[in-house]
Each structure stands twice: as C-alpha cells, then as structure tokens.
Amino acid sequence: MKRRKFLGGLTAASLGVLFKDSVSGSARAQDSGQSPATSHRAGTGRFPPNSTIVLVHAAWADGSCWRSVILPLERSGLHVICAPLPLTSLTNDATALSQVLERISGPVVLVGHAYSGAVIAAVPNDRVKSLVYITALAPDEGETVAKVFYLNPNSPQAPKMVPDSHGFVWLPDDAFPRAITHKASADESKIAAALQRPIGVPCIQELAPVPTWKTKPSWYLVAEEDRMINPKTQRFMADRMGAKIHAYPVDHSPMISEPRVVIDVILEAARQSLS
C-alpha cells in the first residue's frame, strides 16, 4: 500500500453486524455465548511447571492495558508476562516478542489484541502451545494488516488516522471514548488516551509470514460492539483459522471494559492446550 493510499484510506472498521445469538457452529469453529469458564470453574486445574501467558498489546497501547487481567491469571496458577512492542514494523515487533519468549522455559499461551494478532502468529516457537485472539487481526501469508483491516466498511464512530511527519499514527483523545474504549468508564478512557503509543506505517504495510495459527490451536473473542475492527471481519478471520469462537457484546478493548470475559477465554485456552 502506498503512503498516499494509506493517508486517504486509513479509518477504523465499522460496528457491522450485531450477533444476538452467540451460538453458531461449523466443523472447525464453535461459538459460545456462555462464559467459557462456566464449564471449567470447578477447580482451576493444574498446569505444567512454568506455564506462562504472554499478553501482547496492540497499537495505541502498552502493557498496562492488561492490568485487570494479570492478577486473576496469576491466581489461577499461571505466570504472566506483558510483552512490549516497539510498534515500528511487523518484523521488529515479531523480533521483540521472540526475545520475550527466550526468557521463558515452560509452555506458553500467546494472547494478542487487535494489531498484535498479526504479531503473535509471526513468531514460530515450539513452546507456544496455543494462540488467543482478543478482537484481533489475523492476516494470512502474504497479506498485510491493512488488507484484513479493510475487509468490511468503517464505523461512523471510528477516528480518521493520518501519519505524522515521522511516519507514526496517533489517535485524537476523543477517539478512545468513541471507538476504542466506548464501554469503559470515562476515567479508563482518559487513562488509555494518555498512555497511547503510536503505530508506525510499516506495521500495517508489511506482508505477513506463514502464520502459526495454521498449525497451533487458536481461540477468538469476537467483540460484537467493536467500532474499530468490524465484527464481520473478526468472524471471517476466526472461521478461516479454525478458531474456537466466543462472541460477546463488548467493545474494542474488553480487557479494560469487561476483563472477566477476556480472563475466561484465556483460561479455557490454557486448560485445553497446556495440560
């Protein structure tokens, strides 16, 4: 994608279709409107030694976006690391995540939000046992993040995004309560806006490598009220990767607005792939 096309076209994806019934199925992908922890809550289970959840932030965020998720996962017997990304290119971000994985000796569940869905699938590592997508982008080999981002129309609440003179995209503060964290409290939206980190244009323009979701089990949380990534796009990607799907009426940042839902999906993935 050329820079001029990016400047004219980069707006966030639309609210799309609201799925009232979150139970639908296919041979490879399942939906459950019921909390995934419901059937697993009788005992947290035992995990292999040094079992680790690696949480990977998206664009316009840092590891603090996971703050409401970390301790509940730790209390379930899992070690948690928030991987920092430079947000300069897909290759650089994948390298940064690989360096985090070098520090870990046990089995891993990688969890990606939004843009970082592309990052978690770009890191082949035998210690990674499963992938969890939180309303995340999942390009296939040879696709760009931008291509999957634009599969469906944009939301009228989505911000217009233009790179600055350094090639980074910042969001206006009002984009957070309108589209990023619109179901969170006003205070949480202000904090998210204050903490935002810009994303470099190469992150969305670089061709993705062969994604590891082709060979590893995956889970996908579809945010039915997402104003950044169209829920129809999320469904397409989740079905394509054969993910186990859980759909909820949450916004683009459920780790902030509805952390219990995110925790439950991660725990389900951990119980089924780490044990």
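The values are calculated or read from the model by the stated rules, or taken from the named source; none is laboratory data. Quantities reported herein were computed from a predicted structural model and do not represent experimental measurements. All Cβ positions, glycine included, derive from the backbone under ideal geometry; neighbour counts span all protein chains shown. Areas reflect the complete protein model, heavy atoms only, side chains present, ligands, DNA and RNA absent. Shrake-Rupley method; radii C 1.70, N 1.55, O 1.52, S 1.80 Å.
Things worth noting here:
- Any hit, region 205-224, residues being among the charged types (D, E, K, R) and either modelled with pLDDT under 95 or within 13 Å of the chain's Cα centre (by Cα) (or both): no
- Residue within region 200-215 that is in a loop (DSSP other than H, G, I, E, B) and among the basic types (K, R) present: no
- Meets criteria (out of contact with any strand residue (DSSP E or B) (no Cβ under 7 Å at 6 or more places or on another chain), open to solvent by less than 10 Å² (accessible area, probe 1.4 Å) and not aromatic (F, W, Y)) for T181: yes
- Qualifying residues in region 222-241 (those that are in a helix (DSSP H, G or I) and not charged (D, E, K, R)) - the one surrounded by the most Cβ atoms within 10 Å (Cβ to Cβ): Q234
- If you go through region 63-76 and pick out every residue that is open to solvent by 10 Å² or more (accessible area, probe 1.4 Å), closer than 16 Å to L110 by Cα and not β-branched (V, I, T), you end up with 3.
- A single entry from A146, A121, A136 fulfils the requirement of being open to solvent by less than 10 Å² (accessible area, probe 1.4 Å), closer than 13 Å to M228 by Cβ, under 16 Å from the mean Cα position of the chain (by Cα) and of a type in the set (G, A, S): A136.
- Condition met for R41 (modelled with pLDDT of 50 or more and either surrounded by 13 or more Cβ atoms within 10 Å (Cβ to Cβ) or part of a loop (DSSP other than H, G, I, E, B) (or both)): no
- Meets criteria (under 26 Å from S89 (Cα atoms), under 17 Å from the mean Cα position of the chain (by Cα) and open to solvent by 70 Å² or more (accessible area, probe 1.4 Å)) for K160: no
- Residues satisfying the stated conditions in region 242-262, i.e. part of a helix (DSSP H, G or I), surrounded by 23 or more Cβ atoms within 10 Å (Cβ to Cβ) and aliphatic (A, V, I, L, M): M255, I256, V262
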